[in-house]
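Heads up: the structure comes next, in structure tokens.
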2 protein chains.
Amino acid sequence: MKNPVPTVGKRRENGKARRPDRDGEIGLDGLVGHAGYAVRRFQIWIFQDFIRTLAAVDIKPTQYSVMTVIGANPGMTQMAVAKRLGIERARLVHLLDSLEARNLVKRVPSRTDRRSHALHLTPSGQASLRQFKMLAAEHERHVDEKIGPENRRRLLEILSAFH
Amino acid sequence: MKNPVPTVGKRRENGKARRPDRDGEIGLDGLVGHAGYAVRRFQIWIFQDFIRTLAAVDIKPTQYSVMTVIGANPGMTQMAVAKRLGIERARLVHLLDSLEARNLVKRVPSRTDRRSHALHLTPSGQASLRQFKMLAAEHERHVDEKIGPENRRRLLEILSAFH
DNA sequence: TATTGTTATACTCTATAACTATA
DNA sequence: TATAGTTATAGAGTATAACAATA
């Protein structure tokens with residue numbers, strides 16, 4: 001016999017009334033009110049929707065952010081991109097390898113510092129990025145549908161400290 | 001010559017004025033207004049603070065969520081915990097192995113279904129969880145300090161759809 | 001000496017598949 | 001047949017360290 005909602009004696013942590021979750025399965029209880037947990041669940045949802053929405057062009061959130069930053073700041077070095085996005089420079093090497101193999105990005109030797117590369121979008125990369133941005137905008141509309149446009153606006157405002 | 005803020009013709013997504021980032025280094029431009037990016041940066045910050053704040057007791061966010069759910073719903077099966085938290089059941093095995101090795105959680109053979117385990121906190125686990133919760137509350141206060149108590153409240157409200 | 005890009009390694013997390021013992 | 005727990009493997013992602021070329 002299944003026992004999905006155990007009736008074993010358990011009291012609320014705080015005085016709050018029981019609020020069954022959406023499916024009416026098991027109460028999260030202690031996790032309600034934890035910002036990190038809420039944010040983690042939301043991030044999983046939003047990344048999955050992004051990946052799904054841009055699946056046809058095979059672009060993941062990190063690839064999109066790399067191309068967007070390069071597109072907005074052509075000539076950046078790898079170090080600058082890595083720092084800006086909080087990516088390890090070792091990992092960026094592989095990310096750029098794959099974007100370069102797809103002819104979306106190119107590494108140009110810097111003439112001011114022969115250790116570093118100036119990063120640029122290829123013409124094909126610029127055209128592609130325009131398409132990616134349209135799909136990303138569609139993804140943002142999914143977020144609007146999920147939490148409401150007004151809440152999305154508030155969320156971006158609250159999190160503006162984390163650019 | 002560096003070119004950190006290119007003047008290449010690209011207009012703001014919305015009508016908002018340019019807002020240079022905190023360090024005044026390189027503009028994110030195209031990434032402003034993307035909910036997923038903002039949420040990712042915030043999640044990194046909040047998890048790092050959680051890990052730092054609970055470093056003395058060596059408890060990571062996922063371990064905390066597992067213990068909290070078991071504490072609030074004693075007798076849950078591994079499948080139920082995995083589904084509830086969105087963790088792979090294969091991964092939960094290892095998580096529970098380590099929590100059990102630390103005498104925080106125990107697997108009790110279910111008498112109604114001999115395939116499954118009923119999960120419980122040990123007495124030591126219950127005492128520890130109370131301590132973890134105090135540290136987690138301290139972590140939440142850090143979030144308050146970072147974004148403001150009112151914004152934290154709004155954030156939890158907006159993300160309540162993702163329990 | 002320090003920094004840029006690169007390579008390599010280890011550890012965590014995610015995603016699967018397969019196996020066992022039960023149901 | 002299907003499910004719960006387990007084991008194993010492969011792929012991302014993260015964190016380090018070390019190296020060559022250059023500053």
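The values are calculated or read from the model by the stated rules, or taken from the named source; none is laboratory data. It should be emphasised that the depicted structure is a prediction, and the values quoted were computed from it without experimental measurement. Don't worry about glycine lacking a Cβ; one is built from the backbone with ideal geometry, like all the others, and counts go over all protein chains shown. Just so you know, the surface numbers come from the protein's heavy atoms only, side chains and all, with ligands and any DNA or RNA stripped out. Shrake-Rupley method; radii C 1.70, N 1.55, O 1.52, S 1.80 Å.
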Identity of the residue in region A:68-104, touching a strand residue (DSSP E or B) at 6+ places or on another chain (Cβ under 8 Å) and either among the polar types (S, T, N, Q) or within 11 Å of DNA strand C (Cβ to nearest atom) (or both), that ends up farthest from the other protein chains (Cβ to nearest Cβ): A:GLU100
Identify, by number, the condition in (1) within 16 Å of DNA strand C (Cβ to nearest atom); (2) in contact with a strand residue (DSSP E or B) (Cβ under 6 Å, 6 or more places away or on another chain); (3) of a type in the set (Ser, Thr, Tyr) that A:THR122 doesn't meet. (1)
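Out of region B:122-136, which residues are open to solvent by 20 Å² or more (accessible area, probe 1.4 Å) and either in contact (Cβ under 8 Å) with a residue 24 or more places away in the chain or under 20 Å from the mean Cα position of the chain (by Cα) (or both)?
We begin by selecting, within region B:122-136, every residue open to solvent by 20 Å² or more (accessible area, probe 1.4 Å); these are B:123-124, B:126-128, B:130-131, B:133-135.
Residues satisfying the conditions are B:GLN126, B:SER128, B:ARG130, B:GLN131, B:LYS133, B:MET134, B:LEU135.
Could you tell me how many of the residues in region A:104-119 are open to solvent by less than 60 Å² (accessible area, probe 1.4 Å) and either closer than 10 Å to A:ILE70 by Cβ or not acidic (Asp, Glu) (or both)?
Within region A:104-119, the subset open to solvent by less than 60 Å² (accessible area, probe 1.4 Å) is A:104-105, A:107-108, A:110, A:113, A:116, A:118-119.
Filter again for either closer than 10 Å to A:ILE70 by Cβ or not acidic (Asp, Glu) (or both), leaving A:104-105, A:107-108, A:110, A:116, A:118-119.
Qualifying residue count, region A:104-119: 8.
For A:HIS139, state whether it is open to solvent by less than 40 Å² (accessible area, probe 1.4 Å), at the interface with chain B (Cβ under 10 Å from one of its Cβ atoms) and in contact with a Ser or Thr (Cβ under 6 Å, 6 or more places away or on another chain). Can you show your working first?
On the way: open to solvent by less than 40 Å² (accessible area, probe 1.4 Å): yes; at the interface with chain B (Cβ under 10 Å from one of its Cβ atoms): yes; in contact with a Ser or Thr (Cβ under 6 Å, 6 or more places away or on another chain): yes.
Answer is yes for this residue.
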